[in-house]
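Here is the structure we will look at.
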Amino acid sequence: MNFENTLEFARTMDAQDPLRDFRDRFIFPESSAEHPVYFTGNSLGLQPKTAKTFILQELEDWGRLGVDGHFHAKRPWYSYHETLTSMVAKLEVCTSHSLTTNLHLLMASFYRPQGKRTKILCEAKAFPSDQYALESQLKIHGIPADHLVWVSPRAQEELIREEDIYERILDLGDELALVLWGGVNYYTGQFFDLKEITRVGHSVGAVVGFDLAHAAGNVALHLHEWGPDFAAWCGYKYLNSSPGGVSGFFVHERHAHSKDLPRLAGWWGHNKESRFSMAPGFDPIPGAEGWQLSNAPVLGMAAHLAALEIFEEATMDRISKKRDLLTAYLAYVVENCGTSSKENPLFEIITPQDPKKRGAQLSIKCLSAGKALFHALNQRGVVADWREPNVIRVAPTALYNGFEDCFWFGQHLSSSL
Ligand SMILES: Cc1ncc(COP(=O)(O)O)c(C=O)c1O
């Protein structure tokens, strides 16, 4: 498609967008700027207008019913999490806790170093919480810190070459216990071939798990088909499910009935038939639900339910189509914003150009202006984020951003430079 960096073109594109009405389902932060742009759905998604109604319903039921709300609330709390899974995938997906907690719970089961199979492979510049989680997993098992192996971009490159991941996995072979990989890298926005990572990881006998914080709600995921052993994601980014809101996790069907898998258990993961007999002896619910520890955090789940309803209506298919077009348009606008040139580049988009290798996020590396550029954008009403040492991350979100937002971002970028 031939793009144009004009307001008229952006408005024409918005007028043709089948998802344009979804913008009105969200609350945009207050701003005194003339053309504010919210481009940080990759960090905290906007509040669906329905979230308040869903949460108020639970507050009302809690007030009216007290403990009886577990069974008599409009959406009974006892089975609230099932309301969420019925919308995604029943046996393999469950929602509870938070992301890092879920990664630990899943690694407690799936990182089982034995003999020479002790190593963990992870992407360099993984989100720090993952790094700390992995370091601590090694410590818990008494495994030396250097058994955490990183795959880095090659010298002078920003992105990780996928062939380097596969080569490293094959090199490590029977020393590799776990591949824990981020679906979309938080810093560069690179979306990896999760199916192939799973295939290669399994070919050497390793377990494969994914952190999908930046992938869920952003790119289409076919976890059952791709076959990783486990995955977890947060609800508050592209899924718009409230700050610090509930996390989702996936355990592949092949582990659904593995009652003997070691795990950190809690009563909410125990057989529903006998949960209230309060007898000793943990009997896990088959599937992902068996990894739940505690009873449902209903207020967070209510916000999540409100957001999932919007996703169901919009469909991931339509979101993906718009995402590719919108992100391509933003890249075009950024590259044509006038002040930066090939001879004297002021910034560089380090996110892959191939739409199959990225989601909504573009990471703009500031070559000279540095953080001052980010602050200048901020003052003009752009909500984006800065990641050390020199990247501005922007994510046009298909559900509530439009082409006009991209156009104004380009204008703000030009005037900030
Ligand atoms: C890739 C990634 N992993 C893990 C986390 C940590 O998430 P939480 O604080 O919900 O545990 C984040 C948070 O932004 C993240 O981006």
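The values are calculated or read from the model by the stated rules, or taken from the named source; none is laboratory data. As the structure is a prediction and not an experimental result, all values here were calculated from the model. Using ideal geometry, Cβ is built from the backbone for each residue, glycine included, and neighbour counts are taken over all protein chains shown. The accessibility values were calculated without ligands, DNA or RNA, using every heavy atom of the protein model including side chains. Shrake-Rupley method; radii C 1.70, N 1.55, O 1.52, S 1.80 Å.
Only residues that are among the polar types (S, T, N, Q) and under 20 Å from residue 81 (Cα atoms) were counted across the stretch 251-283, and they come to 2. Restricting attention to the stretch 273-295, the residues that are open to solvent by less than 20 Å² (accessible area, probe 1.4 Å) and not in a helix (DSSP H, G or I) total 4. Within the stretch 1-50, being in contact with a Pro (Cβ under 7 Å, 6 or more places away or on another chain) and open to solvent by less than 40 Å² (accessible area, probe 1.4 Å) holds for 26, 38, 39.
Quick check on the stretch 87-112: of everything there that is over 18 Å from the mean Cα position of the chain (by Cα) and over 16 Å from residue 263 (Cβ atoms), which residue is modelled with the lowest pLDDT? In this case the residue turns out to be 90.
If the condition is being outside any helix (DSSP H, G or I) and surrounded by 16 or more Cβ atoms within 10 Å (Cβ to Cβ), then the stretch 296-315 contributes 296, 297. Once the stretch 68-105 is narrowed to residues that are of a type in the set (A, V, I, L, M, F, W, C) and within 13 Å of the ligand (Cβ to nearest atom), the residue that is nearest to residue 269 (Cα to Cα) is 105.
Among the residues of the stretch 146-164, what is the count of those that are open to solvent by less than 90 Å² (accessible area, probe 1.4 Å) and either over 27 Å from the mean Cα position of the chain (by Cα) or more than 20 Å from residue 110 (Cα to Cα) (or both)? So the count comes out to 11. The set of residues in the stretch 112-145 being in a loop (DSSP other than H, G, I, E, B), surrounded by 15 or more Cβ atoms within 10 Å (Cβ to Cβ) and within 16 Å of the ligand (Cβ to nearest atom) consists of 125, 126, 127. Scanning the stretch 181-218 for residues that are within 14 Å of the ligand (Cβ to nearest atom), part of a loop (DSSP other than H, G, I, E, B) and either aliphatic (A, V, I, L, M) or at pLDDT below 95 (or both) turns up 212, 213, 215, 216.
When 194, 180, 148, 159 are checked against the criterion of being more than 24 Å from residue 220 (Cβ to Cβ) and touching a strand residue (DSSP E or B) at 6+ places or on another chain (Cβ under 9 Å), a single residue qualifies: 148. Residue check: residue 84 meets all listed conditions (1) aliphatic (A, V, I, L, M); (2) crowded, with 18+ Cβ neighbours inside 10 Å; (3) modelled with pLDDT of 95 or more but one, namely (3). Taking the stretch 366-382 as the range and being crowded, with 18+ Cβ neighbours inside 10 Å and among the hydrophobic types (A, V, I, L, M, F, W, C) as the test, the residues that pass are 366, 369, 373, 374, 377, 382. Taking the conditions exactly as written (more than 30 Å from residue 364 (Cβ to Cβ) and in contact with a strand residue (DSSP E or B) (Cβ under 6 Å, 6 or more places away or on another chain)), does residue 302 satisfy them or not? No, not satisfied.
For the structure I just gave you, tell me whether residue 109 is part of a helix (DSSP H, G or I), within 16 Å of the ligand (Cβ to nearest atom), in contact with a His (Cβ under 9 Å, 6 or more places away or on another chain) and within 25 Å of residue 269 (Cα to Cα). Considered against the rule, which asks whether it is part of a helix (DSSP H, G or I), within 16 Å of the ligand (Cβ to nearest atom), in contact with a His (Cβ under 9 Å, 6 or more places away or on another chain) and within 25 Å of residue 269 (Cα to Cα), residue 109 comes out as no. Of everything in the stretch 240-260 that is touching a strand residue (DSSP E or B) at 6+ places or on another chain (Cβ under 8 Å) and of a type in the set (A, V, I, L, M), the residue that is farthest from the ligand (Cβ to nearest atom) is 251.
Of all residues in the stretch 219-257, those that are outside any strand (DSSP E or B) and either surrounded by 24 or more Cβ atoms within 10 Å (Cβ to Cβ) or of a type outside the set (D, E, K, R) (or both) total 25. Filtered by the rule that a residue be among the charged types (D, E, K, R), part of a helix (DSSP H, G or I) and open to solvent by 60 Å² or more (accessible area, probe 1.4 Å), the stretch 316-365 gives 317, 318, 321, 335, 356.
Consider residue 294 carefully, then state whether it is farther than 30 Å from residue 57 by Cα and hydroxyl-bearing (Ser, Thr, Tyr). No, not satisfied.
Cβ-Cβ distances below 9 Å connect the following pairs, each with a first residue in the stretch 23-45 that is over 16 Å from residue 392 (Cβ atoms) and touching a residue at least 12 places away in the same chain (Cβ under 8 Å), a second residue that is of a type in the set (Gly, Ala, Ser) and assigned to a helix (DSSP H, G or I), and a separation of six or more residues or different chains: 27/51; 45/307.
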